[in-house]
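Asker: Take this structure first; my questions come after.
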Amino acid sequence: MLIETETTPNPATLKFLPGRIVMDMGTRDFASPEDAQASPLADALFGLGDVTGVFFGHDFISVTAAPGIGWSDLKPDVLGLLLDHFSANMPLFAPGTAAGIAVPPDDGDFTDDPADAEIIEQIRELIDTRVRPAVANDGGDIIYRGFDKGKVYLQMQGACSGCPSSSATLKNGIEQLLKHYVPEVTEVRAV
């Protein structure tokens with residue numbers, strides 16, 4: 001089995017492509033060892049001690065190294081764990097745990113106004129068709145969190161979470177795209 005690797009815009013994160021489906025549907029972000037207990041693979045990656053984030057996409061896994069850790073030291077260990085896991089056809093999640101998109105706790109009140117339903121549908125459609133595929137290419141995902149008085153709230157995950165260029169991506173890319181197609185959008189904010 002060959003596992004390819006790709007760099008991401010986030011220098012602390014590498015994208016690993018095992019050449020097979022990782023998640024049939026949705027994505028899953030593990031930001032701590034406690035989160036990773038739902039997945040034997042994510043738990044093993046955190047168990048290396050130098051991993052601060054694991055993200056499962058459709059056909060990739062993004063792994064974020066701790067500050068000051070070089071990928072030249074960590075990459076062989078990550079590849080070894082991934083090879084062992086996929087070669088043995090081990091389950092991605094422990095029995096009885098939730099798979100798929102883990103909805104993060106609210107960072108505020110993001111209850112959408114039903115009067116904005118048409119605007120929200122346009123925003124979600126643009127995110128799903130134009131933004132998410134591009135963000136997945138960089139080893140991450142973006143989750144719609146809410147729309148309020150012209151402001152769109154999004155959460156970056158995987159390689160995009162904590163990436164030095166994520167604020168530029170939000171402002172210069174996603175915000176401009178949404179403003180162009182949905183005039184009611186005035187700003188995009190990360191949560």
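The values are calculated or read from the model by the stated rules, or taken from the named source; none is laboratory data. Just so it is clear, the model here is predicted, and its values are computed rather than measured. Quick reminder, even Gly has a Cβ in these numbers, built from the backbone with ideal geometry, and neighbours come from all protein chains shown.
Asker: Being in a helix (DSSP H, G or I), surrounded by 15 or more Cβ atoms within 10 Å (Cβ to Cβ), of a type outside the set (Ser, Thr, Tyr) and at pLDDT 95 or above is the requirement here; does Val135 meet it? Spell out the reasoning first.
Answerer: Numbers: in a helix (DSSP H, G or I): yes; surrounded by 15 or more Cβ atoms within 10 Å (Cβ to Cβ): yes; of a type outside the set (Ser, Thr, Tyr): yes; at pLDDT 95 or above: no.
In short, no.
Asker: Here's a check for you: in region 34-50, which residue that is under 19 Å from Gly96 (Cβ atoms) and out of contact with any Ser or Thr (no Cβ under 9 Å at 6 or more places or on another chain) is surrounded by the most Cβ atoms within 10 Å (Cβ to Cβ)?
Answerer: Once the filter is applied, the top-ranked residue is Ala42.
Asker: Going through Gly49, Gly53 one at a time, which residue ends up being assigned to a loop (DSSP other than H, G, I, E, B) and not polar (S, T, N, Q)?
Answerer: When all the criteria are applied, what remains is Gly49.
Asker: Another question, if that's okay. Quick one: how many residues across region 107-153 are among the aliphatic types (A, V, I, L, M), closer than 12 Å to Leu178 by Cα and within 20 Å of the chain's Cα centre (by Cα)?
Answerer: Of region 107-153, the ones among the aliphatic types (A, V, I, L, M) are 115, 117, 119-120, 123, 126-127, 131, 134-136, 142-143, 152.
If we keep only those that are closer than 12 Å to Leu178 by Cα as well, we get 119-120, 123, 126-127, 131, 152.
With within 20 Å of the chain's Cα centre (by Cα) added as a condition, the list becomes 123, 126-127, 131, 152.
Residues in region 107-153 being among the aliphatic types (A, V, I, L, M), closer than 12 Å to Leu178 by Cα and within 20 Å of the chain's Cα centre (by Cα): 5 in total.
Asker: Among residues belonging to region 103-127 that are outside any helix (DSSP H, G or I) and surrounded by 13 or more Cβ atoms within 10 Å (Cβ to Cβ), point out the one that is modelled with the highest pLDDT.
Answerer: Initially, region 103-127 is screened for residues outside any helix (DSSP H, G or I), giving 103-113.
When the remaining residues are screened for being surrounded by 13 or more Cβ atoms within 10 Å (Cβ to Cβ), the result is 104, 110, 112.
Numbers: Pro104: 47, Phe110: 68, Asp112: 86.
Step by step, filter region 103-127, then rank; the result is Asp112.
Asker: Where the second residue is at pLDDT 90 or above and among the charged types (D, E, K, R) and the first is within 13 Å of Val63 (Cα to Cα) and lies in region 17-32, which pairs have Cβ atoms under 6 Å and are six or more apart or on separate chains?
Answerer: That search, which allows pairs on different chains as well, returns Leu17/Glu4.
Asker: Output the residues belonging to region 78-95 that are assigned to a helix (DSSP H, G or I), under 24 Å from Ala12 (Cα atoms) and touching a residue at least 12 places away in the same chain (Cβ under 8 Å).
Answerer: Selection gives Val78, Leu79, Leu81, Leu82, Leu83, His85, Phe86.
Asker: Hey, another quick one. Which of (1) surrounded by fewer than 16 Cβ atoms within 10 Å (Cβ to Cβ); (2) of a type in the set (S, T, N, Q); (3) closer than 21 Å to Gln155 by Cα does Thr64 not meet, given it meets every other one?
Answerer: (1)
Asker: Considering only residues that are touching a Phe, Trp or Tyr at 6+ places or on another chain (Cβ under 6 Å) and assigned to a strand (DSSP E or B), look in region 15-28 and name the one that is surrounded by the most Cβ atoms within 10 Å (Cβ to Cβ).
Answerer: Among them, the one singled out is Arg28.
Asker: Then there's this: Take the conditions surrounded by fewer than 16 Cβ atoms within 10 Å (Cβ to Cβ), β-branched (Val, Ile, Thr) and over 11 Å from the mean Cα position of the chain (by Cα) and apply them to Thr169. Does it pass? Give the derivation first.
Answerer: Numbers: surrounded by fewer than 16 Cβ atoms within 10 Å (Cβ to Cβ): no; β-branched (Val, Ile, Thr): yes; over 11 Å from the mean Cα position of the chain (by Cα): yes.
When the stated conditions are applied, Thr169 does not pass them.
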